[in-house]
Each structure stands twice: as structure tokens, then as C-alpha cells.
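Input: a single structure, listed below in C-alpha cells.
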Amino acid sequence: MNATPPVIDLTGISKRFSTEEVDTYALRGVDLRIEKGEFVAVSGPSGCGKSTLMAVLGLLTGFEQGSYRLAGRDVGTLNGDARATVRNQHIGFVFQSFNLIGDLSVLDNVGLPLKFRGGVNKAERHRRAEESLQRVGLAQRLKHFPHQLSGGQQQRVAIARALVGQPG
């Protein structure tokens, strides 16, 4: 029987930040296994490493020790370009500050990851972005710009953008 590998499999992950005076471990020996379809919440006090863990999971930062497998693939040793490709094709982000581009419409903000991915023409980007915006209840705001939206609407645009690439 061929078992499906976990979507995320971290083993012994350690990440530290160093200054001339002190080394601070944000993560030390973290193990995390997430199966397909599982919902996971990360909680804890300020400064305990939640954001660092999310940055490691999203391949935004590296780590000093341990291993990281994403859907069975070792992604912990990839170079920057390869990490960027995996991020673009398999990971969806909703940043705390949303990171919407003010000069782009809602539709174009949501379609942006597909443009970076390449191989998706403008009509298909718009179709998929509209579908993603429909899913978050913002189909009526396609032509608006981020500054014309409430904070909650901006957050939903960021969610639609994270989902448009159909992350794995």
C-alpha cells in the first residue's frame, strides 16, 4: 500500500538570530507533521517563534538544523530561485499586512501570482482571479483599488490571492 506523504513534515528544525552580543533561538528542535486536509492553528505568546515558523514553512527564510519535506519533497536545501518557484506553485500566503499593491486593481492583485508563475494568459488569470474573489464574497469589487476597501475587504483580497494559485 502506497501511503500519501504528509503535506508538511518538519523534523528537528532550529532557527536562530545572532547579534554580536547574543544568539537567540526562535525555533529549537521543532517537529511538525501536517496531513492533507488537516487544519492546524499555531498559537502562543509574542516572541515564541510563530512568525518564524510561518516564514520557514513558507520558504521565506532558511534554518540551521533539521529537515523540511513538502508533500514528500525535500525543500529545506533548495536555493533561493528554487524556493521561489515552490512558493509560487505550491504555497499561498496571507500576510499580516496583506501586502496588496496600491496601484493595481483588486482583480490584478489577485491574479499577480499567476502572472509571476508564467504560462497563464491574461484572460485565464482574470477568470481565475474572479472565481477566487467570488469565493471570498468580493466579486463586486473587481475594479476597486486597495485604498477603496475596508480592512476586512483587503484581508479577503489577500485570501483570494493566496487561493488563486490553488496551493497544494
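Please treat every number below as a calculation from the coordinates, not as lab data. Everything numeric here is computed off the predicted structure, so don't read it as measured data. Glycine gets a Cβ as well: all are built from the backbone with ideal geometry, and neighbour counts include every protein chain shown.
Within the same chain, lysines fewer than 8 places from LYS143 are excluded, and of the rest, those with a Cα less than 24 Å from its Cα are LYS115, LYS122. Annotation: aspartates and glutamates with alpha-carbon distance below 19 angstrom to LYS15 (same-chain offsets under eight excluded): ASP23, ASP31, GLU64, ASP74. Note on ILE159, ILE34, ILE13, ILE101: ascending count of other Cβ atoms within 10 Å places them as ILE101, ILE34, ILE159, ILE13, the fewest first. Converting phi to 3J(HN,Hα) with the Karplus coefficients 6.51, -1.76 and 1.60 and the offset θ = phi - 60°, region 82-89 yields 5, 4, 4, 5, 4, 4, 5, 9 Hz in sequence order, with x at every glycine or proline. Cα-based radius of gyration for region 42-121, normalised by 2.2 N^0.38 Å, reads 1.27.
With θ taken as phi - 60° and the Karplus curve 6.51 cos²θ - 1.76 cosθ + 1.60 applied, the whole-hertz 3J(HN,Hα) list for region 43-57 is 9, x, x, 4, x, 8, x, 4, 5, 5, 4, 5, 5, 5, 4 Hz, x standing for glycine and proline. Which of the aspartates and glutamates could a cross-linker bridge to LYS36, judged by Cα under 15 Å and excluding same-chain residues fewer than eight apart? Excluding near neighbours in sequence, the set is ASP9. The 3J(HN,Hα) values that the Karplus relation (6.51, -1.76, 1.60; θ = phi - 60°) gives for region 59-65 are, in residue order, 6, 8, 9, x, 8, 8, 9 Hz. Gly and Pro appear as x. Remark on the chain: hydrodynamic radius 17.6 angstrom, per the Kirkwood mean of 1/r across alpha carbon pairs. Taking other C-beta atoms within 10 angstrom as a stand-in for reagent exposure, TYR25, TYR68 fall in the order TYR25, TYR68, fewest first.
As a rough footprinting exposure proxy, the listed residues LEU112, LEU70 were ranked by other beta carbons within 10 Å of their own, and the order from fewest upward is LEU112, LEU70. The H on the amide N of ARG28, modeled in the peptide plane, is under 5 Å from the matching H of LYS15, each at least 5 residues off or on a different chain.
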